[in-house]
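The structure appears below as structure tokens.
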Amino acid sequence: MATIVHITADYPDAFAKNKTSAVRDFLALTPRHRHVVYSLNRVDGIGDGSIFENRDDVATVVYRALPYGLLLERCLAPVSALIVRDLTSRNIKPDLVHGHKLTVDGVVALAVSKAMCCEMMCDLWGDTYQKIIMAKPFSRGTFRAVTHHACAILPATPWIAAYARTILGIDDRKVRVVPVVCQLGSRLRSAAGSSSRVATL
């Protein structure tokens with residue numbers, strides 16, 4: 001059984017119970033691994049983070065950071081240190097760290113991966129993260145370090161993978177496109193009589 005540490009801001013936790021359940025549902029599909037989740041919650045300010053609750057391998061982390069990603073690396077360093085201390089105190093030795101998004105989760109995952117001497121992988125989402133990368137040219141070195149250190153990059157679409165190759169220099173051998181599949185409703189039938197109408201055109 002592998003132990004996978006997940007760094008994610010999208011996980012229902014004791015601080016924010018109404019977050020999307022997508023990550024939680026995804027992890028439930030792979031019970032053969034031990035999943036240790038650090039669910040991140042940002043509040044405005046600067047300062048150290050804390051673990052709000054730690055139950056059933058889900059640690060609710062609350063940390064202070066400036067809005068709009070200002071001083072991103074400085075604000076996230078205490079979060080990474082907090083997670084490393086918690087893993088060490090619980091004698092958890094991860095086989096893999098998964099940063100579920102590049103620009104926050106991935107930055108924390110990079111530091112945790114290096115401190116715990118294990119591999120990491122990172123998801124790469126579309127439009128929003130393209131805008132963040134464009135808007136934060138001084139953080140591109142950090143984002144590049146995340147993607148270069150990762151053993152796998154999991155983009156949700158081919159076009160964001162292509163963008164990241166150009167801007168961040170991602171190695172193609174690491175890229176595994178993992179499309180996001182939503183639950184769809186029942187298929188709708190064509191309107192009655194549409195085929196006969198087409199035939200008369």
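Here are the numbers for the structure shown:
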| quantity | calculated |
| --- | --- |
| Residue that is nearest to residue 120 (Cα to Cα), among those in segment 11-50 that are surrounded by fewer than 16 Cβ atoms within 10 Å (Cβ to Cβ) and acidic (Asp, Glu) | 25 |
| Residues being open to solvent by 40 Å² or more (accessible area, probe 1.4 Å), in a loop (DSSP other than H, G, I, E, B) and within 14 Å of residue 121 (Cα to Cα) - total across segment 142-178 | 5 |
| Any chance residue 93 is touching a strand residue (DSSP E or B) at 6+ places or on another chain (Cβ under 9 Å) and at pLDDT below 95 | no |
| Residue match in segment 22-42 (condition: out of contact with any Asp or Glu (no Cβ under 8 Å at 6 or more places or on another chain), at pLDDT 95 or above and more than 27 Å from residue 179 (Cα to Cα)) | yes |
| Per-region count, segment 66-98, residues touching a Gly at 6+ places or on another chain (Cβ under 6 Å) and among the hydrophobic types (A, V, I, L, M, F, W, C) | 2 |
| Residue within segment 64-79 that is free of Cβ contacts under 8 Å to residues at least 24 places away in the same chain, in contact with a Pro (Cβ under 9 Å, 6 or more places away or on another chain) and open to solvent by less than 20 Å² (accessible area, probe 1.4 Å) present | no |
| Residue ranges of strands (runs of 3 or more DSSP E) in segment 1-83 with at least 3 members closer than 21 Å to residue 143 by Cα and among the β-branched types (Val, Ile, Thr) | 3-8 |
| Leading residue by the ranking (most open to solvent (accessible area, probe 1.4 Å)) among those in segment 96-108 that are part of a helix (DSSP H, G or I), of a type in the set (A, V, I, L, M, F, W, C) and at pLDDT 95 or above | 107 |
| Residue match in segment 109-117 (condition: assigned to a loop (DSSP other than H, G, I, E, B), open to solvent by less than 70 Å² (accessible area, probe 1.4 Å) and among the β-branched types (Val, Ile, Thr)) | no |
| Selection count where residues are modelled with pLDDT of 90 or more and out of contact with any Leu (no Cβ under 7 Å at 6 or more places or on another chain), scope segment 173-201 | 4 |
| Residue 97, sole failed condition from (1) more than 26 Å from residue 130 (Cα to Cα); (2) touching a helix residue (DSSP H, G or I) at 6+ places or on another chain (Cβ under 8 Å) | (1) |
| Given (1) touching a Cys at 6+ places or on another chain (Cβ under 8 Å); (2) without any contact (Cβ under 8 Å) to a residue 12 or more places away in the chain, index of the condition residue 31 fails | (1) |
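The values are calculated or read from the model by the stated rules, or taken from the named source; none is laboratory data. Being a predicted model, the structure only gives us computed values, none of them experimental. Because the Cβ atoms are built from the backbone with ideal geometry, glycine has one as well, and the counts that use them run over all protein chains shown. Note: accessible area is taken over every heavy atom of the protein model, side chains too, but ligands, DNA and RNA are not part of it. Shrake-Rupley method; radii C 1.70, N 1.55, O 1.52, S 1.80 Å.
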